[in-house]
1. Examine segment 309-320 for a residue that is more than 26 Å from ALA476 (Cα to Cα) and modelled with pLDDT of 95 or more, and state whether such a residue exists.
2. Would you pick out the residues in segment 354-401 that are modelled with pLDDT under 90, out of contact with any Asp or Glu (no Cβ under 9 Å at 6 or more places or on another chain) and closer than 24 Å to GLU238 by Cα?
3. In segment 47-80, what residues are surrounded by 14 or more Cβ atoms within 10 Å (Cβ to Cβ), assigned to a strand (DSSP E or B) and small (Gly, Ala, Ser)?
4. Which of the residues belonging to segment 570-587 are in contact with a Phe, Trp or Tyr (Cβ under 8 Å, 6 or more places away or on another chain) and either modelled with pLDDT of 95 or more or on the phi > 0 side of the Ramachandran plot (or both)?
5. Find the residue count for segment 244-280, including only residues that are outside any loop (DSSP other than H, G, I, E, B), surrounded by fewer than 17 Cβ atoms within 10 Å (Cβ to Cβ) and among the hydrophobic types (A, V, I, L, M, F, W, C).
6. How about segment 131-236: which strands (runs of 3 or more DSSP E) wholly inside it have at least 1 residues that are touching a Pro at 6+ places or on another chain (Cβ under 9 Å)?
7. Out of all the residues in segment 597-608, which are of a type in the set (Val, Ile, Thr) and either at pLDDT below 95 or part of a loop (DSSP other than H, G, I, E, B) (or both)?
8. Mind checking which residues of segment 43-82 are touching a Ser or Thr at 6+ places or on another chain (Cβ under 7 Å) and within 20 Å of GLY426 (Cβ to Cβ)?
Amino acid sequence: MTTKKFLILLLALVAIQVHAEVKLPKIFSSNMVLQQGIEIPVWGWGNKGEQVIVTFNNTSLHTKADKNGKWSIKLPAQEYGGPYTLTVKGKNTIEFKNVMVGEVWVCSGQSNMEFQLANASNGAEEIEKANYPKMRLFTVSRRTAQFPEDDLTSGEWVECSPETASQFSAVAYFFGKSLVNKLDVPIGLIHTSWGGTVAETWTSQETIKNDPDFKEALSELQHIDLDNYRQLKTEKLEKILGGTIPSNDLGIQNGQAIWAVSDFDDSSWKSISTPALWEGEGFPDIDGIAWYRKEINLTEEQIQADATLHLGKIDDNDITFWNGVKIGAINQYDANRIYTVEKNILKVGKNVLTVRVEDTGGGGGIYGAPDDLYLVANKQKIDVAGAWKFKISKAVIGNETLGPNSYPTLLYNGMINPLVPYAIKGAIWYQGESNADRAKQYQRIFPNMISDWRNHWNQGDFTFLFVQLANYMKPAELPTESTWAELREAQTMTLDLPNTGMASAIDIGEANDIHPKNKEDVGKRLALNAFKIAYKQEVVNSGPMFDKVEFRNGKAVVTFKSTGSELITKDKYGYVKAFTLAGPDHKFYWAKAKITDNNTIEVGCDAVSNPVAVRFGWADNPEDLNLYNAEGLPAVPFRSDDWPGIAK
């Protein structure tokens, strides 16, 4: 026998011996919490036909591994209690000790769920007193997967202590703490999140394959050879760019911005809708440098003084030119661009505005609301949103491995499927920022994701609670459209699904930080929803929500539900802020509002004599929002109209 054949045989024998030992997925470990009140699935692997005995709390169940080496049983429903030992015996014996029976919650989403307790506003103080032996924590390791995985790469249950709580999800921690303190039962928290991720990556192939926006991408994912992934990305990029991939910025030659001069011929350039991230405009998964050009015609009157250019936000860095002259540059993805255009470079007739944008990762381009893009020339406002000329001048292949948003289903496959069907009470979810520019689509994919999880867990309509996006970015001086407001609307609409609840964070965000540090109130508000929906307790779990509106006598009379004891304003002035009104022309104006009884508010505006639409908190950051119920929960933003928005 050759050495090579001997090694192959030896490896095969070792594999058989390893496979013969019964084992369970990593979601099972000592210190875990098993769900109270329902049958508890226990599953794993062994040798074909291997007899397996599972013993827990004086009950033993027998099964055997099938032809593929898989086995499963269901423990009978258990009452709260512990600690117990779960024993699994095949040819070997496994013991999981210090096992509790209580309430298990999956905690998922993007970076605001991932945000660690150590970074929360009161994190240091909380960590010192985080001794909750009844609360058990499990963190799922990050993983993308082309197909559904059976197991996690790592992870184990630990008791909540100052040492283990520090790096755990702050939102999940505060949620669990509220449950432990009020219910006084064991609480298990399974944290599985990844910053910057979109909802469709958390959804399984069974649902995605039926979605018209993602089924093609799913099909591509399932047929790609990951060993040649870089080559695939290269070919896709070449197809998008119509040729070879530029590795140097073609717009600058010998230090001169040749693509910024007025007479440069851009007739061969493509058109792009602006503002919008270029990934959503036909240039997906591209980092690098792109140039935008826009012709603006000015009159003799408009060039008599310096002008002011407003470009909203640009991801990540920009250099901006007017008629070939540099007028500004900022290296910050979330800063508003406001540049002075000096009188001496303004021209009667054709002017060319050029913006060189460098994207270092993630989304790229001029983004935000169309109302953010305008020129003020001699006190006249000129809209510069709409179609711009566009060309990629430098492209970067980026990661050679699958990123979490490269295709749909990747995180479901790697970070959710290995948990199924571990018995749970429900899930909490904090995500949406990465889908904000596709809010209309989110109206479909978010509820579909919830239904998808429920179908896979096969536990019926388990409780699913989520956080509505916090207020963020610079407050608007005038009423405007907002992708974040539309995303919040999509989240509110998801409450049509049974056993769902929403915790508003509209009053605890930070204008300059997409990761607000107040995670305690978020966790507490999620817990209120759990008490109401999952545990059927008589608590107020929501702030005031829009019910209906009547327009009469030049006013809007808005009726609210979920008002708790009563409607209140949370400042000394007594009038209600953050309302706007519009007439048939669809133009919104700030409005004056006052509480007329426990659930009604009257809204009026001198500029709108015949209102047909009312909005409340409809902005990226409605920082002046001051309407609450007496229980201290903020009113949920809404609009009464269904006019087309700006998000896809």
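1. no
2. Matches in segment 354-401: ASN399, GLU400, THR401.
3. Within segment 47-80, SER72 is the sole residue that qualifies.
4. Residues satisfying the conditions are ALA578, PHE579, THR580, LEU581, ALA582, HIS586.
5. 1
6. Here the list reads 132-139, 158-160.
7. VAL608
8. LEU75, the sole residue that qualifies.
The values are calculated or read from the model by the stated rules, or taken from the named source; none is laboratory data. The structure presented is a predicted model; accordingly, all values stated were derived computationally and were not measured. Glycine gets a Cβ as well: all are built from the backbone with ideal geometry, and neighbour counts include every protein chain shown.
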